[in-house]
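The values are calculated or read from the model by the stated rules, or taken from the named source; none is laboratory data. Every value quoted in this text rests on a predicted model; they were computed, and no experiment measured them. Please note: Cβ atoms are built from the backbone with ideal geometry, for glycine as well, and neighbour counts cover all protein chains shown.
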Amino acid sequence: MGSALAAALAILIGASAGYGTEKMPAAKAGEIGSPGGQIAFLREKNVWIMDATGGHQMKVCEVLNGDGRLSWAPDNKRIAFTRSGRVNLQGPDNLGGNHKVYDIFIAYVDSAVNGNTNFWYRITDGIGSRDPEWSADGATMLYYKDMNANYVNAFLPNYQVCTMSPPESGSEQLLRKDWQTMSEFFIAPTMNAGGDVVFVHMTATSQGGFKQKGLAKLNRNSFMASLADVAKQSDRTANFVAPAWSPDGKWIACIHNSMTDPGVYVLAADFSEQYLVFAPPPATSLYTIAPSFSPDSKWLTFSTRDGSVWICDITGNGARRLTGPGTDSAPAWSKQAAN
């Protein structure tokens with residue numbers, strides 16, 4: 001009996017040891033050339049840009065509180081980014097606490113080229129909006145928002161996926177119409193050209209908080225699907241967070257947020273396939289900010305917590321550090337290879 005049990009355990013260990021380590025076959029990836037375009041990133045919480053080799057680095061705007069995902073406009077001249085602040089409540093009888101607040105801004109590359117790094121434009125003002133993504137056609141901005149952010153005594157956040165069309169109009173639309181009664185939330189959305197939105201599904205915990213469960217996908221026009229249907233998807237993609245669609249719509253890049261199998265992955269559009277792109281080096285870990293595809297969908301850029309920006313092709317080859325170690329994070333590839 002003891003030997004049989006040992007053999008069974010050996011089989012299980014052997015099966016699990018290779019979990020999540022398969023690389024994308026070259027035939028499936030297609031021809032991979034040299035990376036092009038520009039990459040925006042945060043350095044010391046300011047917005048910077050560089051080319052895909054790490055050269056021609058330039059500060060775009062000096063905000064000192066950039067925080068989270070960046071996104072280029074299709075014209076390669078504007079960059080959407082998040083700035084963060086903090087609310088500190090010191091109420092009577094020792095009630096209170098503090099939480100971060102956010103809004104979305106736009107930086108202008110031409111302004112920096114002309115020597116002005118102190119110009120930007122605010123597009124949200126509810127102190128809860130973050131992690132913008134510009135649509136490929138420039139018509140829509142996608143992001144998520146804490147609807148409770150402006151309540152300093154709110155016990156928990158209420159995260160909702162929003163769009164703004166056009167992106168600088170202030171015309172905000174919440175995709176869930178039942179948001180005021182929801183007890184589960186969707187964060188970190190990304191959308192393809194067909195309106196399919198992939199997001200992280202958050203569920204309640206027994207301690208009264210929330211946890212990130214996995215990824216799910218709904219079309220923006222059918223976002224009122226049942227939470228049970230969403231849960232079926234996020235069960236299949238447990239521990240995957242920070243998604244980003246490829247420009248060609250074939251792949252979803254994301255982070256596997258696990259102590260045992262961390263890495264940058266690409267998933268098939270229907271979640272049926274998963275391929276490891278990059279495992280972090282020893283003694284460091286990945287920022288759980290969405291990776292970003294190159295304009296041709298063949299390369300990814302992402303950051304590690306030692307303050308470095310990396311690139312790697314989708315087959316897991318050609319990985320190289322472009323910046324750092326230092327204070328760099330949240331890289332985002334331009335939507336065009338060149339201006």
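Has segment 44-64 got any residue that is over 21 Å from PRO157 (Cα atoms) and touching a Cys at 6+ places or on another chain (Cβ under 6 Å)?
yes
Being under 21 Å from ALA330 (Cβ atoms) and part of a strand (DSSP E or B) is the filter here, so list the residues in segment 268-294 that pass it.
Across segment 268-294, the qualifying residues are VAL277, PHE278, LEU286, SER292, PHE293.
Pull up segment 325-339, narrow it to residues that are at pLDDT below 95 and under 20 Å from SER135 (Cβ atoms), then point me to the one that is surrounded by the fewest Cβ atoms within 10 Å (Cβ to Cβ).
ASN339
Any residue in segment 125-142 that's at positive phi: show its pairings with residues that are of a type in the set (Gly, Ala, Ser) at Cβ separation under 9 Å, as long as the two are six or more apart or on different chains.
Correct list of pairs: ILE127/GLY85; ILE127/ALA149; ASP131/GLY68; ASP131/SER71; ASP131/ALA188; ASP131/ALA290; GLY138/ALA73.
Which residue out of THR190, THR203 is modelled with pLDDT under 90, β-branched (Val, Ile, Thr) and within 20 Å of THR237 (Cβ to Cβ)?
Selected residue: THR203, the only one of THR190, THR203 that is modelled with pLDDT under 90, β-branched (Val, Ile, Thr) and within 20 Å of THR237 (Cβ to Cβ).
With crowded, with 18+ Cβ neighbours inside 10 Å and under 30 Å from VAL230 (Cβ atoms) as the only criterion, which of LEU322, LEU267 stands out?
After ruling out the rest, the residue left standing is LEU267.
From the list SER258, SER329, SER297, exactly one residue is among the small types (Gly, Ala, Ser) and assigned to a strand (DSSP E or B). Which is it?
Every option except SER329 fails the conditions.
For segment 220-260, give me the residue count where each residue is over 27 Å from PRO280 (Cβ atoms) and in contact (Cβ under 8 Å) with a residue 60 or more places away in the chain.
Of the residues in segment 220-260, 1 are over 27 Å from PRO280 (Cβ atoms) and in contact (Cβ under 8 Å) with a residue 60 or more places away in the chain.
Quickly run through segment 279-315 and pick out the residues that are out of contact with any Pro (no Cβ under 9 Å at 6 or more places or on another chain), crowded, with 19+ Cβ neighbours inside 10 Å and under 24 Å from ILE187 (Cα atoms).
If the condition is that a residue be out of contact with any Pro (no Cβ under 9 Å at 6 or more places or on another chain), crowded, with 19+ Cβ neighbours inside 10 Å and under 24 Å from ILE187 (Cα atoms), then TYR287 is the only one that fits.
Every residue in segment 71-98 that is under 21 Å from ALA149 (Cα atoms), surrounded by 15 or more Cβ atoms within 10 Å (Cβ to Cβ) and within 21 Å of the chain's Cα centre (by Cα), please.
Once the filter is applied, which keeps residues that are under 21 Å from ALA149 (Cα atoms), surrounded by 15 or more Cβ atoms within 10 Å (Cβ to Cβ) and within 21 Å of the chain's Cα centre (by Cα), segment 71-98 yields ALA80, PHE81, THR82, ARG83, SER84.
Can you tell me which residue in segment 211-248 is surrounded by the most Cβ atoms within 10 Å (Cβ to Cβ), limited to those that are of a type outside the set (Asp, Glu) and in a loop (DSSP other than H, G, I, E, B)?
Applying the filter and picking the extreme gives THR237.
When only residues in segment 53-68 that are in contact (Cβ under 8 Å) with a residue 24 or more places away in the chain and hydrophobic (A, V, I, L, M, F, W, C) count, which is farthest from ILE187 (Cα to Cα)?
It comes out as MET58.
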